Each structure stands twice: as C-alpha cells, then as structure tokens.
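Q: Please find one structure pasted underneath; my questions will follow.
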Amino acid sequence: MPADFAASGSDGIAFLVSAGIVYEIIAAACSSPQTTEINAGRRAETLMKWVNLGIAQAAVFVAIAAWIDRRHRKAIIAGGVTAGGLMYAQYRHALLAGLAAHADGQPGTETY
C-alpha cells in the first residue's frame, strides 16, 4: 500500500472526527433546526446566541485537535470549518423560515 494512500485514509478519518465534534457540540448547545423553525416565534431572541456559542466551543476543540495532531491539521480544520458552516447555515435558515411562518400565524409546538 503506498504511503500517500494511508495518509489520505487517516486524513479522511480526521476530517470526519473533526466534523462530528462540531455537530455534537452545537447539538449540545441547541435544539434541532427543525424544532427551531417550528418554534422560532418564541426562540428567536436567544437562538443565534446559542448557535454562536456552540460554534465558538467547537472551534476551540478543533483548534486543540489541530495543534495536537499536526500531521492531520489540514483535515481537522477542514472538517471543523465545513461542519460549522453547514450547521450555522441550517440554524440561520430555520430561524428565518420560522419567523416567516410565525408572522403568517402558523402556531409553534410550545406553550407557556
């Protein structure tokens, strides 16, 4: 097996681990984009604060991993940036779509 093939396999694993930790950390800080969209009328004020805090936490973990594993640094950072960008876009879309639905009178699922 050529050495560069083995390295790219390891880079793929590092990419997936980095992307996975971003998703896990943001999920720990926020509810799902679907729930966010359904209940944006009630959650709009704090939603993006928690998404941003989740992304900041994830960035710290990805940076530490990239610092520790210099051989796979590019893959770790690429995975973290890709996942962070995708998750941010999903929550931003959920917020905007949910606010539009709320403005049209569509009810959420939460009652207080």
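Q: So for the pair Ala103, Leu16, with labels modelled 7 Å out along Cα→Cβ, what separation do we get in nm?
A: 4.2
Q: Another question, then. What is the order of Asp11, Asp69, Asp104, fewest Cβ neighbours within 10 Å to most?
A: By the 10 Å Cβ count, ascending: Asp104, Asp69, Asp11.
Q: Ratio of region 3-103's C-alpha Rg to 2.2 N^0.38 Å, to two decimals?
A: 1.25
Q: Same structure, new question: Picking from Gly98, Gly12, Gly84, which is most flexible by a Gaussian network model of the chain using Cα springs under 10 Å?
A: Judging by the Gaussian network model, the answer is Gly12.
Readers should treat all values here as calculations from the given coordinates under stated rules, not as data from a laboratory. This is a predicted model, so every value here is computed, not measured. Glycine also receives a Cβ, built like all others from the backbone with ideal geometry; neighbour counts cover every protein chain displayed.
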